[in-house]
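Student: What follows is a single structure, and I will ask about it in a moment.
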2 protein chains.
Amino acid sequence: LTTDLTTLSDNLLKGDRRALARAITVAETGGSQATELSKRLFGHSSTAHLIGVTGSPGVGKSTLVDALITNIRKAGLTVGVLAIDPTSPFTGGAILGDRIRMQGHTLDRGVFIRSMANRGHVGGVSLATYDAVRMLEASGFNIVIIETVGVGQSELAIAKTADTTILTLMPGSGDDVQAIKSGIMEIGDIYVINKGDLPGASKAYSVIVQSLELTAVNNEWRPPVLIASAETGDGTDKVWLAITQHKDFLESSGTLVERRKAKIQAELSEIIAAKAKRNFQEGMSHSGQIQALLQEVLNLSLDPHSAADRLMTELLPFAQK
Amino acid sequence: LTTDLTTLSDNLLKGDRRALARAITVAETGGSQATELSKRLFGHSSTAHLIGVTGSPGVGKSTLVDALITNIRKAGLTVGVLAIDPTSPFTGGAILGDRIRMQGHTLDRGVFIRSMANRGHVGGVSLATYDAVRMLEASGFNIVIIETVGVGQSELAIAKTADTTILTLMPGSGDDVQAIKSGIMEIGDIYVINKGDLPGASKAYSVIVQSLELTAVNNEWRPPVLIASAETGDGTDKVWLAITQHKDFLESSGTLVERRKAKIQAELSEIIAAKAKRNFQEGMSHSGQIQALLQEVLNLSLDPHSAADRLMTELLPFAQK
């Protein structure tokens, strides 16, 4: 077992793609092997620029990522892409497993694309994703892109994780207004109105620019609003340019260090929450005391807050798993 | 302080609406007062039928809820509505605070409507919502509706919380396909194609019915697929009928007990995760040891998993807060 992980991490560090793919599967599966592998690779990470691409379903995030890959490759850089799929807690796996549009890059060894199932994790970005990002970094990729499906919490989680967050919108169907209503207008470092050839693109542009003027969370970086058509490639070079400008800004202003500190803090917070949950769930199936406590809550003789306190102070083994 | 909570809970139990509103604010604010109030009210809850209304932004969830309120009132029942708004982690509050469509019910004392901010919580349904549901139950409401914005994790969380989950979709714009892709097609007890007067409604109907036939997670309850127009009220009586049928099914089949057990388990899991996170975040600002640990991770000399283990076994006070 230990030998396997040693070979796996050695090969991964040499840039072996199959080792990388297997390592990410280990991360996805979780458990002690994932933790062990993550520990081994940790010291070799933290160099890639991490781009988050987010937005409502159907706005064309995958197509935009596909176009960005082309720009990144033209710039002589390598890129790893993690596409986070939503999980069904009933089937326990990803339904959307195909990344059809990105298939054009499969023969390019400077590109690695992987769909990851979000196994019911907090905030839409699973712990496995943090590990997978490190694995891509350890494999030597210059840039890592995380693409997330969904609106809301997952966008907020991405904003805490990525160095540069791209919020993708599309004209019409009130997508711009919904974005503002959803409170996700403050998370973007770059705003892309994709499908910019559709009617309503310039109206969407105005709405977003105005909303950003009202928000003004960051005085130093003014998030650009770009109109693009990832399908035809129009305007995607400007998106790539904006990414490089944002990277320069982060580095020159010292913001990058702050972001990475916040990112580690967010990750630790997620790991701790996940461990606490797992301890509880494992305890549920093994401990008669915990079962009895649950029954007390069901009988309305003990409230959930008091039950949680008792679990955390007495019943749950918070030791290393 | 204690006297205040006593008065507050006494008045709430008498059905005083202002006490209810204040109590929910206490729950939203969180902390020890919220826990204390929740403990006081706990024994008086668990009677209302809990309906979750969920679906992508823009499908008309609020309008549907509005129409359902009318049906519920016609049936001689009272209803409390919690509309969960997404939170901006930057401003810390809800942006969408208005519930314009539901204003028609504000003078009806059998209806209570409240927007709740999702304070960055796991899964889109905050701990405050669990407490607020109990407060509505303790106030004597027969039915509680939770409406959530967002696609993905929050839908999954709602499915674990509600007795009856309504997944709302709209025709066209690939909303049906996106729902299937998002893996949220397995969570609905009732599917409503809202804006059923738009072109594509019957196509959306076929797509969803077919997808449900492929899924077939529950052999006993066949989720009905209904076409409605909440705006005009067409078909919303059928939605209400389906809810009552689902309630009867849950009770006669014994599924209700199982659902409520799963709900309590999910709530305990969330409370424990939230407490663990809060302990960490509080520890971050107070403990030099925890700060030093974070710095080790930033310096790449300690991996996050090992750091989390050390935090949980040594550094974090998991005692009651």
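Student: Take peptide A:292-303, look around each residue's Cβ out to 10 angstrom, count Cβ atoms belonging to other protein chains, and average those counts.
Tutor: Per residue, the number of nearby Cβ atoms from other chains is 4 on average.
Student: Using a Förster distance of 30 Å, how high is the FRET efficiency between A:Arg109 and A:Thr7, based on the Cβ-Cβ distance and rounded to 0.05?
Tutor: Efficiency computed from Cβ-Cβ geometry: 0.90.
Student: For A:Asp16, what accessible surface area do you get with a 1.4 Å probe? Give it in Å², rounded to 10.
Tutor: 70
Student: For A:Leu241, which inter-copy label distances result when the label point lies 7 Å beyond Cα on the Cα-to-Cβ vector, reported in nm to one decimal and in ascending order?
Tutor: List, nearest first: 6.0 nm.
Student: Quick one: with label points 7 Å out along Cα→Cβ, list the inter-copy distances for B:Thr6 in nm, shortest first?
Tutor: For B:Thr6, the other copies' label points sit at 6.8 nm, shortest first.
Student: Holding the Cα-Cα limit at 20 Å, pick out from A:Lys74/A:Lys195; A:Lys39/A:Lys261; B:Lys61/B:Lys238; A:Lys203/B:Lys203 the pairs that are longer than that.
Tutor: Correct reply: A:Lys74/A:Lys195; A:Lys203/B:Lys203.
Student: Sorted by accessible area with a 1.4 angstrom probe, largest first, how do B:Glu213, A:Glu137 fall?
Tutor: Correct descending sequence by accessible area is B:Glu213, A:Glu137.
Student: Between region A:218-293 and region B:1-43, how many Å separate their Cα centres?
Tutor: 35
Student: Quickly work out the B:Arg278-to-B:Ala292 label distance, labels modelled 7 Å from Cα along the C-beta direction, and quote it in nm with one decimal.
Tutor: According to this spin-label approximation, the distance is 2.8 nm.
Student: Looking only at other chains, what is the average number of their beta-carbon atoms within 10 angstrom of each beta-carbon in A:273-282?
Tutor: 6
Student: Separate question: With a cut-off of 20 Å, note down the residues of region B:256-293 whose backbone N falls inside the zone around a label point 7 Å from the Cα of A:Ser301 toward its beta carbon.
Tutor: The answer is B:257-258, B:260-262, B:264-265, B:268, whose backbone nitrogens lie closer than 20 Å to the label point.
Student: Could you work out, residue by residue across A:187-198, how many beta carbons of other chains sit within 10 Å of that residue's beta carbon, and then give the average as an integer?
Tutor: If you average over the peptide's residues, the count of other-chain Cβ atoms is 0.
Student: What does the net charge come to around A:Met135 if you take all other residues with beta carbon closer than 14 Å to its beta carbon, with K and R at +1 and D and E at -1?
Tutor: Neighbour charge sum, excluding A:Met135 itself: +1.
Student: What are the label-to-label distances in nm, one decimal and shortest first, from B:Thr29 to the same spot in the other copies, with labels 7 Å along Cα to Cβ?
Tutor: Label point to label point, same position, other copies: 5.0 nm.
The values are calculated or read from the model by the stated rules, or taken from the named source; none is laboratory data. Predicted model only: the values in this text are computed from it and were never measured. Here the Cβ is made from the backbone with ideal geometry for all residues, glycine too, and neighbour counts use every protein chain on show. When the accessible area is computed, the model is the full protein with side chains, heavy atoms only, and any ligands, DNA or RNA have been set aside. Shrake-Rupley method; radii C 1.70, N 1.55, O 1.52, S 1.80 Å.
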